[in-house]
1. Does Val67 count as in contact (Cβ under 8 Å) with a residue 24 or more places away in the chain and among the β-branched types (Val, Ile, Thr)?
2. Hey, among the residues in segment 33-45 that are assigned to a loop (DSSP other than H, G, I, E, B) and within 16 Å of Gly107 (Cβ to Cβ), which one's nearest to the chain's Cα centre (by Cα)?
3. Restrict the check to segment 64-77 and report whether at least one residue is in contact with a Lys or Arg (Cβ under 7 Å, 6 or more places away or on another chain) and modelled with pLDDT of 95 or more.
4. Are there helices (runs of 4 or more DSSP H) fully within segment 73-147 with at least 2 residues that are touching a residue at least 12 places away in the same chain (Cβ under 8 Å), out of contact with any strand residue (DSSP E or B) (no Cβ under 7 Å at 6 or more places or on another chain) and not basic (Lys, Arg)? List them.
5. What pairs come out if I take residues in segment 9-31 that are more than 27 Å from Lys78 (Cα to Cα) and pair them with residues that are hydroxyl-bearing (Ser, Thr, Tyr) whose C-beta lies under 8 Å away, six or more apart or interchain?
Amino acid sequence: MTHKIPSFVSIVAVGLGLFDLLRGIMHTVLVGFAAVDRAGLDLSGPTGLDQVMLMTAFGASNLITGVALIFLAFTNRKGVLVLLATIPLAYLLAGMGMSYWGTELMGQGEFPGLANMKIYLSVCMVTLLAGLFGWLRNRGLATTILS
């Protein structure tokens, strides 16, 4: 049944996976560069180590997501669709948490990757919807639902 999910889902998953691997490397191996030179964070204060720890944890999750997307692209397109649905939901929950807990906080970072993340999340959602529609169409269900 997985073969009925359009192949473009796998192609997009590999692309997103490679992007996640790049983000993971930036937030782990190159964390100092990413924090100071890209995001403009001041790591010299009492929370410097905390900021680096949070960034590397985020980077580790990027590495995991990247490997998962690439692996699923070659083995299980249904798994790709599940991950493509989970990623935006996870970021939505993260945004809700930041809105709730961060209302009184002030930030110093520039976070130049924010625009890229909007594109990334949009690609996840569009690919998910197009993949689901293609899967339903291939199963003969799309015309039934749309009729």
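1. Values: in contact (Cβ under 8 Å) with a residue 24 or more places away in the chain: yes; among the β-branched types (Val, Ile, Thr): yes.
Criteria met by Val67.
2. Just the residues of segment 33-45 that are assigned to a loop (DSSP other than H, G, I, E, B), to begin with: 39-45.
Among the residues that remain, those that are also within 16 Å of Gly107 (Cβ to Cβ) are: 39-43, 45.
Numbers: Ala39: 18, Gly40: 22, Leu41: 22, Asp42: 26, Leu43: 25, Gly45: 30 Å.
Top of the filtered list is Ala39.
3. Quick first cut of segment 64-77, residues in contact with a Lys or Arg (Cβ under 7 Å, 6 or more places away or on another chain) only: none.
There is no residue in segment 64-77 that is in contact with a Lys or Arg (Cβ under 7 Å, 6 or more places away or on another chain) and modelled with pLDDT of 95 or more.
4. Values: elements: 77-101, 114-138, 142-146.
In segment 73-147, the matching helices (runs of 4 or more DSSP H) lie at 77-101, 114-138.
5. Close Cβ pairs satisfying both conditions: His27/Thr56; Thr28/Thr56; Val31/Thr56.
The values are calculated or read from the model by the stated rules, or taken from the named source; none is laboratory data. Please read these numbers as outputs of a predicted model, since none were measured by experiment. FYI the Cβ positions are ideal-geometry reconstructions off the backbone, even for glycines, and counts take in every protein chain you see.
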